[in-house]
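Working notes for the structure below.
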Amino acid sequence: MLIDGFDLEVFTPPCEPGAERFAARARLKAPIDAVLPYLNATLRGAVYNPAAGALTWKKGGHNIAFHAYEIATSNVEDRDAAVKELRGLVDLVNRTWDSRAEITPDLETHQRPTPMAVYKLLPRTNCKACGEPTCFTFALRLAAAQAQVEGCPALFEPGQAHVLEALRSMLIDAPRIG
Ligand code: SF4
């Protein structure tokens, strides 16, 4: 177990006074930076910054950050959910640390493709065949790895092979968000 003690704080972010969203922070008594490469290897959607000793992650629309002496979550709907999520994140760190012998640590920073970069490669006809109302909505889902290129039939029409290849190479490392 890496984390065996922390102080928990729940608050409304100062930039959103009166907002109906909550943030929570666990101040750790011992550093957890050693676990970050293992979290980077196992959490889809994580962005690891080794120089800053930080790893950020999005889960269910919540913004999560792991630092050496702190774990934080924000944009959570209520106080109890924020506490529950933070305790879950502490458990996640401990579980990951306990299984580190089975995980190859990942020290790379994986950049997600931007939705706009993905959108520029889509047909932009808004034909809705993918089940989304617009190509941009589909691009949002592709960038978050919540959809596959196979969902757009137009990409498989003759003459689109180069576009399809460009999209696939752009999305190959895109970890799933949410
Ligand atoms: S199927 Fe392809 S072209 Fe049609 S809306 Fe979806 S992404 Fe756009």
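Tabulated data
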read-out: Failed condition for Ala101, given (1) within 30 Å of Ala52 (Cβ to Cβ); (2) within 22 Å of the chain's Cα centre (by Cα); value: (2)
read-out: Checklist (1) surrounded by fewer than 20 Cβ atoms within 10 Å (Cβ to Cβ); (2) in contact with a Leu (Cβ under 7 Å, 6 or more places away or on another chain) applied to Ala24, failing item; value: (1)
read-out: In segment 44-80, the residues that are outside any loop (DSSP other than H, G, I, E, B), crowded, with 16+ Cβ neighbours inside 10 Å and at pLDDT below 90; value: Val47, Trp57, Lys58, Lys59, His62, Ser74, Asn75, Val76
read-out: Residue check for Glu108: farther than 18 Å from Ile71 by Cβ, more than 16 Å from the ligand (Cβ to nearest atom) and modelled with pLDDT under 90; value: yes
read-out: Tabulated pairs, segment 97-126, first closer than 18 Å to Thr56 by Cα, second more than 16 Å from the ligand (Cβ to nearest atom) and polar (S, T, N, Q), C-beta under 9 angstrom, 6+ apart or interchain; value: Pro105/Asn40; Asp106/Asn40; Asp106/Thr42; Leu107/Asn40; Glu108/Asn40; Thr109/Asn40; Thr109/Asn49; His110/Asn40
read-out: Any hit, segment 71-78, residues being away from the ligand (no atom under 16 Å from the Cβ), under 22 Å from Asn40 (Cα atoms) and among the acidic types (Asp, Glu); value: no
read-out: Extreme residue, farthest from the ligand (Cβ to nearest atom), among residues of segment 111-133 that are on the phi < 0 side of the Ramachandran plot and in contact with a Phe, Trp or Tyr (Cβ under 9 Å, 6 or more places away or on another chain); value: Met116
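The values are calculated or read from the model by the stated rules, or taken from the named source; none is laboratory data. None of these values were measured; they are calculated from a predicted model. Cβ sites come from the backbone with ideal geometry, for glycine too, and all protein chains shown count toward neighbours.
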